[in-house]
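Working notes for the structure below.
The values are calculated or read from the model by the stated rules, or taken from the named source; none is laboratory data. Note that the coordinates shown come from a computational prediction; the quantities given were computed from them, not determined experimentally. With ideal geometry, Cβ positions are generated from the backbone for all residues, glycine too; neighbour counts draw on all protein chains shown. Just so you know, the surface numbers come from the protein's heavy atoms only, side chains and all, with ligands and any DNA or RNA stripped out. Shrake-Rupley method; radii C 1.70, N 1.55, O 1.52, S 1.80 Å.
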Amino acid sequence: MSTPEITLGTQASVVDGSLWKSISLAESLFLISVISMFLPVKIYPIIFLISSIVFYRETPQLRFTKWTWALLIFSIYAVVSFFIHTFHLDIARLNILKLVVNFTFLFFAINWLSTRNNDALIEMLDWVLLGVLILSLAQLLIYHQAYDFKLIAGSDTSGQASSLYNHSLYFWGLSDKNMFGARIALFGFAYICVPIVRKEQISFGRILFVFLIAFLSLSRTPIIALFLGVFFILWCAADKKWKYILIALLLISLPIILQKVIRVDSLTSSNDGMGIRLVYWEAFFKNFLTISPFGNGFLTSPEFLQENADFYRGEHHIHNTFLNTYLELGIIGILSFSAFIAWFLKECWQKIDNPTLWVALALPLKGIMMILYTGYDNDIIMYFCLIFLIGTYQSIKFKDLKFSV
């Protein structure tokens with residue numbers, strides 16, 4: 001099987017045609033599922049459901065492991081809560097359907113992936129990830145061009161950054177700055193990790209390519225998430241001398257990171273994304289005792305924030321997966337969801353003993369879940385599939401990894 005060469009974050013210009021000629025229906029649907037998440041027309045639920053049926057048909061025997069039971073408990077409790085509390089809300093109906101569809105896809109996709117040889121699939125995935133990232137870069141450059149490239153070097157405030165996203169020019173990814181940034185981070189980090197498991201190489205070209213896209217998104221979310229994962233990878237792979245160099249580079253670049261990326265000067269401002277999060281989190285902890293141990297109800301976060309936050313900007317969640325889960329679904333929800341994540345990662349670890357890689361793959365997701373997402377978003381679900389596919393490819397030793405352009 002041919003292997004794409006890595007050059008400045010891209011691959012060789014010639015693709016082995018035989019690889020794509022032999023692609024199966026299930027493999028095609030898995031890759032189409034990845035692409036469908038970036039399309040402006042939200043057809044991914046249909047693709048997810050069709051894919052689930054095909055995955056089921058190609059899986060010799062379904063396995064119900066601990067994480068699947070925890071996920072089932074969480075899902076049933078969420079559905080019951082929905083019927084009790086928010087059945088009358090259209091937005092709640094859409095979200096409960098999203099939860100059921102996404103979790104169904106995850107269950108059948110992981111069962112399918114765990115029973116087959118994924119050598120060809122991960123190579124094809126590599127090309128698909130490159131494609132969606134190039135189109136993401138193109139989308140952002142179109143935004144910047146329409147803004148006369150005034151924000152090409154970064155923005156001063158979160159509001160200014162959001163103004164870049166001209167809805168009339170939207171054709172790829174997401175029209176929301178933070179959600180698009182988070183998607184770039186998760187899929188970009190998966191793209192960075194593919195050559196680590198396939199060729200035992202860390203590609204600086206890929207890292208720079210993905211960070212460039214993340215920076216142009218003007219969202220802090222992808223930069224922070226990518227930094228967590230990439231720095232951990234480099235630290236684990238570096239010898240003592242290079243660890244000192246990494247620390248030195250971090251200290252030198254820290255002022256620029258704080259000013260241009262994190263925008264520390266406006267961090268607590270009421271019109272800043274992080275400032276809004278701090279207000280919402282403060283409302284949660286100040287009113288923690290008023291939250292029912294069974295949860296206030298599926299998708300009742302807006303009502304809670306309207307009543308308790310110093311101000312409310314119209315979000316449907318509290319910008320923290322775990323706080324949001326407790327607020328809406330209480331003790332049963334947070335315990336079952338946490339158990340699902342823990343047992344899922346444990347099963348991954350048991351399948352292939354790659355502890356350092358599993359930690360690296362989990363870090364960006366954990367970072368994003370602390371400041372975004374509801375927990376059943378399609379980004380999270382697809383990322384779980386990607387890290388399972390990547391992390392179970394083969395066992396690797398980080399100290400043996402080579403560095404490439």
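Rolling a 1.4 angstrom probe over the protein heavy atoms with all chains in place gives the chain an accessible area of 43 Å² per residue. Can you quote the Å³ per residue value for the convex hull of the Cα atoms in the chain, rounded to an integer? Measuring per residue, one finds 146 Å³ for the Cα hull of the chain. Taking Lys and Arg as +1 and Asp and Glu as -1, the other residues whose beta-carbon sits under 12 Å from that of Phe403 total 0.
Sequentially through the stretch 132-149, phi angles give Karplus couplings (6.51, -1.76, 1.60; θ = phi - 60°) of 5, 6, 4, 5, 5, 4, 4, 4, 5, 5, 5, 4, 5, 4, 5, 9, 6, 6 Hz, Gly and Pro residues having no value and appearing as x. Shown here for the stretch 69-144: chymotrypsin sites (Phe, Trp or Tyr not before Pro) in loop regions (DSSP other than H, G, I, E, B) with at most 15 other Cβ atoms within 10 Å, namely Phe87. Using just its DSSP H runs of length 4 or more, each adding -39500 (n - 2.57), the chain gives a mean residue ellipticity at 222 nm of -21000 deg cm²/dmol after division by all residues. For the stretch 31-45, putting each phi into the Karplus relation 6.51 cos²θ - 1.76 cosθ + 1.60 with θ = phi - 60° gives couplings of 5, 5, 4, 4, 5, 4, 5, 9, 6, x, 8, 7, 9, 4, x Hz, in residue order, rounded to whole numbers and with x for Gly and Pro. Close amide H partners of Ile202, meaning residues 5 or more places away or on another chain with modelled amide H under 5 Å apart, are Lys402, Phe403, Ser404. With K and R counted +1 and D and E -1, the other residues having a Cβ less than 12 Å from that of Leu129 yield a net charge of 0.
For Lys21, the aspartates and glutamates whose Cα falls under 17 Å of its own Cα, not counting residues fewer than eight places away in the same chain, are Asp119, Glu123, Asp126. For the peptides 284-296, 190-202, residues were scored by their other Cβ atoms within 10 Å and the scores averaged per peptide; the highest-first order is 190-202, 284-296.
Other residues whose C-beta falls under 10 angstrom from the C-beta of Thr221 contribute a net charge of +3, scoring Lys and Arg +1 and Asp and Glu -1.
Of the residues Leu299, Leu129, Leu249, the one that moves most in a GNM of the chain with alpha-carbon contacts below 10 Å is Leu249.
Legend: residue pairs Lys240/Lys399; Lys66/Lys397; Lys351/Lys402; Lys241/Lys402; Lys98/Lys346; Lys351/Lys399, Cα-Cα distance threshold 18 Å; pairs beyond threshold, Lys66/Lys397; Lys351/Lys402; Lys98/Lys346; Lys351/Lys399.
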